[in-house]
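Take a look at the structure set out below.
The values are calculated or read from the model by the stated rules, or taken from the named source; none is laboratory data. Computed from a prediction, not measured in an experiment: that's the story for all the values here. As a convention, Cβ positions derive from the backbone with ideal geometry for all residues, glycine included, and neighbour counts pool all protein chains shown.
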Amino acid sequence: MALPMLTGQVLLDRIQKNVGVPWQSQRSDGFSDGILHGSADTAVTGIVTTFTPTLEVLRGAVASRKNTIICREAPFYSRGERAPLFWRNSPAPPKEMTDNDPVCRAKQDFITQNNLVIIRLVENWDARRSDGQLRGLVRALSWEKFHVPAKSLDEYDPRNVYFQLRKNSLGRLAQDLQTKLKIHGVRVIGDAVSSVSNVALTHGLLLVADSERMLREQGLDVVIAGDAVEWEAVPYFADLVTAGKVKGLILIGQQASEEPGGGEMAAWLKSFISEVPIEWVPAGEPFWVLS
């Protein structure tokens, strides 16, 4: 029997069937997983996975004749209740903003004119026992053989973030991250010449509570994360380094830490979607630095 035409809704139904966890229902903040923009009846011509659907990513998708974008971040610059606790009272962007702000309006017009379908996939992707975001980042760094998982946890469980690397200096480790991820905006706390080996690697925003959990691991030298709240986690680590509790903190950027997960998601989608091409299109590091 022939498969039904792959529409936005059929694609979403297949994702729900294959994600491996009970699908989380609609949230009140307007940023639940599902179709954010576009018609569920639109025929899918191709799929792009990405961290955030920037206008550049959307233009690339259109140029390659792919009209469906599966993303981690929504296209209109607000995360609502999905954000950390101190942001959770912030509402999703009101319709007045998306209608009247010239940047939002231009982006919305581009989505509409090109019949694009934007699907958000975060909560349900992250709810799986295997952390696809961590797996993608580990593969980008070629660190698979350095992982030291606890016996009681799955290899890529979100709590299982520890790696034992060959001894290196903190500065050279930061340089290695920069080279492998092809990024510029790496920031480091700690003495560049200090010797490090035992590493915690995580992605996204690093909060003090996350740091406290990771630092329960004995002998940890350095924590690598995407970004941190500068008035909380940053001084926390500065004090830890001064007190000799750890040797450093390396921040590679939110986008750089999350983007490789888009490649992992594309590979996963290919395991049950065969009708259309699927491509990971990184949004790219948004920053440049002074030399």
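For residues in segment 132-160 being part of a loop (DSSP other than H, G, I, E, B) and modelled with pLDDT of 95 or more, which is surrounded by the fewest Cβ atoms within 10 Å (Cβ to Cβ)? Per the stated criteria, the residue is SER142. Does GLU275 satisfy being in a loop (DSSP other than H, G, I, E, B), of a type in the set (D, E, K, R), out of contact with any Ser or Thr (no Cβ under 9 Å at 6 or more places or on another chain) and outside the structural domain of SER142 (by TED's automatic domain parsing)? Yes; evaluated as a whole, the condition is true for this residue. Filtered by the rule that a residue be among the basic types (Lys, Arg) and touching a strand residue (DSSP E or B) at 6+ places or on another chain (Cβ under 7 Å), segment 167-205 gives LYS167, ARG187. Of the helices (runs of 4 or more DSSP H) entirely within segment 47-128, those holding at least 2 residues that are within 14 Å of the chain's Cα centre (by Cα) and modelled with pLDDT of 90 or more occupy 123-126.
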